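Participant: Attaching a single structure in structure tokens format; questions to follow.
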Amino acid sequence: MNSGGIRGNYLLEGLRRLGSVALFLLQLLGQCVPVLGRPSLLLKQIYNAGARSLIIIMLSGLFVGMVLGLQGYDLLQRFGSEQALGIAAALGLLRELAPVITALLFAGRAGTALTSEIGLMRATDQLTAMEIMAVDPLRYVAAPRFLGGVIAMPLLAAIFSVIGLYGAQLVGVQLMGVDRGTFWSQTQGAVALHDVGEGLVKSLVFGVACSLIAVHEGYHADPTAEGVGLATTRTVVASSVLTLLLDYVLTAAFL
Amino acid sequence: MVRDVHYAIGGHEVFKGLDLTVRRGRITAIMGPSGGGKTTLLKLITAQIVADRGSVSVFGEDVATLGRRSLYALRQRLGLLFQNGALLTDMDVFDNVAFPVREHTDLPETLIRKLVLTKLQAVGLRGAAHLTPAELSGGMARRVALARAIVMDPEVLLYDEPFVGLDPISLGVILRLIKHMNEALGITSIVVSHDVQQLATIANESYLLLDGRVAAAGRPEQLSTSDAPGVRQFMTGSAEGPVAFNYPAPDYITQLLAEDDE
């Protein structure tokens with residue numbers, strides 16, 4: 001086959017996959033309302049996607065904040081503006097770093113767990129058993145996990161921001177000697193509600209994208225060990241790339 | 001009721017005009033060699049797959065034409081025992097058996113508890129209610145799956161290879177249970193297996209599937225006395241006969257020598 005034909009096949013396969021994900025999203029959205037009526041199912045999935053990701057999110061937030069403190073101080077002190085470290089850290093974290101890094105970490109931890117769990121349920125006939133018992137696996141398995149991920153993502157991003165800001169303060173104030181009062185008062189004065197809103201909208205959109213990809217890949221994984229492995233890899237790759245792409249689009253939209 | 005069903009997977013014709021009828025309140029055995037389409041037939045009956053041609057009717061309804069809601073309503077009247085059990089791994093044994101009851105009824109937990117314990121007692125695993133599926137042997141998992149399949153008191157029960165991997169005591173219990181549910185509750189049973197001896201003790205009628213069609217039908221003992229070469233070969237377990245033991249392959253010696261040359 002010539003290169004044009006190969007490119008055409010890749011394009012068709014890409015479009016087919018995109019259509020499949022879009023249809024799956026519509027089906028999921030249709031099942032989300034009934035899931036809201038079963039809080040125990042939903043809470044379990046928020047716990048799995050959110051609480052179980054807390055350690056990695058908090059540790060990463062702390063270190064990212066500390067690096068931000070170091071780099072920010074180094075840059076700002078060249079212009080004699082080190083007192084603005086709090087503003088730089090807070091805006092950087094709230095609007096950009098917290099939603100994006102949380103989404104990337106979510107894809108690597110919770111996303112892979114979702115895909116492999118659902119993929120293994122497919123491979124061991126558990127989803128088929130539900131179908132035979134007249135229980136829709138889309139409603140019982142996929143929708144609660146999707147919704148759990150969507151709800152957990154902004155909460156994780158908020159925790160990332162708080163811990164990150166603490167890390168920046170730790171380095172800027174404790175280590176580099178920036179005045180504590182200036183750090184916090186400048187932060188409080190400069191951060192507006194729409195900055196928080198931008199981060200919230202981004203993390204919500206990333207939550208939908210990452211959870212959708214993770215659940216879709218697991219639900220449609222080939223029922224073999226290799227199939228589940230490949231689906232898990234696809235989840236990480238697609239979620240990461242889509243997160244960065246959407247970040248650019250959303251940032252451009254908010255500016 | 002299965003009428004003139006044709007079904008192919010990846011170019012391989014599994015069914016080439018299959019016709020069979022399962023009568024209410026009877027135990028019907030579906031026999032045939034491995035890869036002969038027995039499990040595929042169960043998938044057709046439960047509408048997991050749709051025939052390329054022909055029709056499969058359950059309770060008088062063509063399952064291929066049913067919408068999702070009607071199909072789910074029909075499936076609530078069916079029970080299927082999976083070959084591997086297919087237990088839900090994030091629940092213990094008790095919750096696995098209680099799962100369909102909790103999903104389809106508003107019964108209070110006290111009643112569900114009694115119902116589940118009754119079914120677990122029937123399969124001899126009341127004491128294992130707290131175990132997870134990972135802690136069960138293959139045979140125990142299949143018995144739990146049977147308890148789950150009967151917990152909603154279905155009108156039709158489908159068994160996919162129910163005797164594989166069971167010790168003689170469990171085997172006896174399961175055979176008696178299938179027979180008892182049929183006689184006491186009038187449950188229609190379709191048992192897919194190639195265990196001729198065990199099927200002969202419980203089945204009212206049986207079908208032998210060979211080459212995508214029904215090769216013989218009747219009571220198991222009638223099949224045993226059949227003169228048809230394929231039926232005779234299967235019932236006596238002979239390697240020689242029209243039913244090939246070996247998967248189609250090129251000439252053995254030619255292939256061995258060709259690999260030497262490489």
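Participant: Could you check which residue among A:135, A:237, A:208 shows the biggest mean-square fluctuation in a GNM of chain A with a 10 Å Cα cutoff?
Facilitator: A:135
Participant: Hey, got the average number of other protein chain Cβ atoms within 10 angstrom for residues in B:80-88?
Facilitator: 5
Participant: For a quick protection proxy, order the peptides B:228-235, B:248-255, A:158-165 by their average other-Cβ count within 10 Å, most packed first.
Facilitator: Highest-to-lowest ranking by the protection proxy: A:158-165, B:228-235, B:248-255.
Participant: How large is ³J(HN,Hα) for each residue in region B:4-15, as worked out from phi by the Karplus curve 6.51 cos²θ - 1.76 cosθ + 1.60 (θ = phi - 60°), to whole Hz, x for Gly and Pro?
Facilitator: Whole-Hz 3J(HN,Hα) from phi for region B:4-15: 6, 7, 10, 8, 10, 10, x, x, 8, 7, 7, 10.
Participant: Which of A:138, A:91, A:36 moves most in a GNM of chain A, Cα contacts under 10 Å?
Facilitator: Looking only at A:138, A:91, A:36, the biggest GNM fluctuation is shown by A:36.
Participant: Put a dot 7 Å past each Cα toward the Cβ at residue A:241 and residue B:66; how far apart are the dots in nm?
Facilitator: Here the modelled spin labels are 4.1 nm apart.
Participant: Considering amide H positions built from the backbone, and no H for Pro or chain starts, which residues 5 or more places from residue B:17, or on another chain, come under 5 Å of its amide H?
Facilitator: B:5, B:6, B:7
Participant: Between residue A:225 and residue A:13, what is the label-point separation in nm under the 7 Å Cα-to-beta-carbon projection?
Facilitator: Going by the 7 Å Cα→Cβ label model, 2.4 nm.
Participant: If r is the Cβ-Cβ distance from residue A:67 to residue A:47 and R0 is 41 Å, what FRET efficiency results, to the nearest 0.05?
Facilitator: 0.85
Participant: Helix B:252-261 sits at what angle to the longest principal axis of chain B, using alpha carbons and giving 0 to 90 degrees rounded to 10?
Facilitator: Computed tilt is about 80 degrees.
Participant: Could you tell me what a quarter of the Cα convex hull surface of region A:41-254 works out to, in nm² with one decimal place?
Facilitator: Result: 12.5 nm².
Participant: Relative to the longest principal axis of the C-alpha atoms of chain B, give the angle of the C-alpha long axis of helix B:109-122, reported between 0 and 90° and rounded to the nearest 10°.
Facilitator: The two axes meet at around 40 degrees.
Participant: To the nearest Å, what is the center-to-center distance of region A:72-96 and region A:100-158, using C-alpha atoms only?
Facilitator: For region A:72-96 versus region A:100-158, the Cα centre distance is 38 Å.
Participant: Among the trypsin sites (Lys or Arg not before Pro) in region B:1-98, which ones are in a DSSP loop with at most 16 other Cβ atoms within 10 Å of the Cβ? Mind listing them?
Facilitator: Within region B:1-98, the qualifying trypsin sites (Lys or Arg not before Pro) (loop, at most 16 other Cβ atoms within 10 Å) are B:23, B:24, B:26, B:77.
Participant: A further question follows. If you average the sequence gap of Cα pairs under 8 Å that are 6 or more apart and divide by the length of chain A, what percent do you get for the contact order?
Facilitator: 32
Participant: Roughly how many Å is it from the Cα centre of region A:1-42 to that of region B:68-126, as a whole number?
Facilitator: Taking the Cα centre of region B:68-126 as reference, the centre of region A:1-42 is 31 Å away.
Participant: Long-range amide H contacts for residue A:222: which residues qualify at under 5 Å (H placed 1.01 Å from N, peptide plane, sequence gap of 5 or more or a different chain)?
Facilitator: none
Participant: While we're on this one: Run lengths n ≥ 4 of DSSP H only: what is the helix-derived mean residue ellipticity at 222 nm for chain B, with -39500 (n - 2.57) per run over all residues, to the nearest 500?
Facilitator: Here the helix-only value at 222 nm equals -11500 deg cm²/dmol.
Participant: Go ahead and run the numbers for FRET between residue A:23 and residue A:194, Cβ-Cβ distance against an R0 of 41 Å, rounding to 0.05.
Facilitator: 0.75
Participant: What is the diffusion coefficient of region B:142-262 in µm²/s, taking the Kirkwood radius over Cα pairs and the Stokes-Einstein relation at 4 °C with a viscosity of 1.567 mPa s?
Facilitator: For the chosen part, D equals 76 µm²/s.
Participant: Tell me the mean residue ellipticity at 222 nm calculated for chain A from its helices only (DSSP H runs of n ≥ 4, each -39500 (n - 2.57), averaged over every residue, nearest 500).
Facilitator: -27000 deg cm²/dmol
Participant: Past 28 Å, Cα to Cα, is the threshold; run A:44/A:202; B:16/B:43; A:44/B:114; B:43/B:114; A:44/B:43 against it and keep the listed order.
Facilitator: B:43/B:114; A:44/B:43
Each reported figure results from applying straightforward, stated rules to the coordinates on display, with no laboratory input. These figures come from a predicted structure and were not determined experimentally. Don't worry about glycine lacking a Cβ; one is built from the backbone with ideal geometry, like all the others, and counts go over all protein chains shown.
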